[in-house]
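The structure appears right after this line, and notes come after that.
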Amino acid sequence: MKNPFHIIKYETIKWLGYLGVSFYVIVSPIFLFIIGFPNNLDKVFIFFLIFMIAIIPFLGKKLTRMGVAQWIWGCFLIPFISIILWLFIGYVIVVAAGVFGKGVEIENLIRNINIYKGEQIREAPFLYNEKWKVKPSSKLDYIDVSTDGTIQKGDQLRFYVSVGSGGECNSVEHLFTFYTMTKHPNILQIQGKKIALESMGKLIIADIKVVLSTDHLMLPGHMVMISSGLYDLDKHIDFLRKHKNHDVKLNFVFNDFEKKEGWKASDYFDILENSWSLNGVDVALNKAKQICLRLEKEN
């Protein structure tokens, strides 16, 4: 009995090239977008590799240089060209959307067209992304996600993804820092106080967690860390995706929150506003979650 895998002989192997062109350029983009293209390129290349290996039995017994060349062309070069083509198309779509003021919406749409939404830690190279830093803390009790401000570069937007929060790594604290050179004699006393601020179009009450002198950094001032609270990570990611920037304007520092007594924020801060870009924050937070889950398994 003849091997059924050899029913396609070398004489018809040239059709593999046509198959590769039609499948990868026309059909595969639909499938690739579902599995995460152009975001999860690692999974895309795994898909290509599996397909290349799967059709080897159909090449026949007599492999020639021409046959191998056609196999490489149909199963590797054409898919590679297809990836470059679709990356270029994606870039054009993002640029065109930006002209009409819809750039952020389209970028987030492209980021989220995949079944690996919760696991996504890579994204398409044409998507604008801030330089997010994702690293575990020294005690491995949380994952620190941070980026610099656009007004005050030294001030950071930070997210702490808690390790050990029930094994699900779905708790995140939303924080940001403000550097101030105002030499208020009682500035250290505002640690632990509440502060009113405007953020993302809303007036919110946040907590001043830490006030540190920066003299050791040769900076004549203080660094104030403010927390807007603890959130469910997945829900907070969905919320942040809807915004282009995280804008903050400090208004009032409470000495007695119940009596609504305190001071103007300008008494303690010389710069009252800052802004942080949220481009790529979902990818950074998902990456932090994966690191957290790995640490949970190791402990």
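The values are calculated or read from the model by the stated rules, or taken from the named source; none is laboratory data. What you see is a predicted model, and the numbers here were worked out from it, not measured in a lab. Every residue, glycine as well, gets a Cβ built from its backbone with ideal geometry; the counts of neighbours run over all protein chains shown.
When the test is whether a residue is under 19 Å from Phe176 (Cβ atoms) and surrounded by fewer than 16 Cβ atoms within 10 Å (Cβ to Cβ), Ser266 passes it.
Residue-wise test of (1) aliphatic (A, V, I, L, M); (2) more than 21 Å from Glu261 (Cα to Cα).
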| position | (1), (2) |
| --- | --- |
| Pro185 | no, no |
| Ala196 | yes, no |
| Ser213 | no, yes |
| Gly221 | no, yes |
| Asp232 | no, yes |
| Ile237 | yes, yes |
| His243 | no, yes |
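Checked against (1) surrounded by 14 or more Cβ atoms within 10 Å (Cβ to Cβ); (2) assigned to a strand (DSSP E or B), Leu203 passes all but a single condition, namely (1). Among strands (runs of 3 or more DSSP E) entirely within segment 224-299, having at least 3 residues that are in contact (Cβ under 8 Å) with a residue 12 or more places away in the chain singles out 245-256, 273-277.
So that you can scan it fast, the table gives a plain yes or no per residue for (1) outside the structural domain of Cys169 (by TED's automatic domain parsing); (2) over 20 Å from Gln152 (Cβ atoms); (3) surrounded by fewer than 17 Cβ atoms within 10 Å (Cβ to Cβ); (4) touching a His at 6+ places or on another chain (Cβ under 8 Å):
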site	(1), (2), (3), (4)
Phe254	no, yes, no, no
Lys259	no, yes, yes, no
Leu278	no, no, no, yes
Asp282	no, yes, no, no
Cys292	no, yes, no, no
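Taking segment 206-260 as the range and being of a type in the set (Ser, Thr, Tyr) and in contact with a Leu (Cβ under 6 Å, 6 or more places away or on another chain) as the test, only Ser227 passes.
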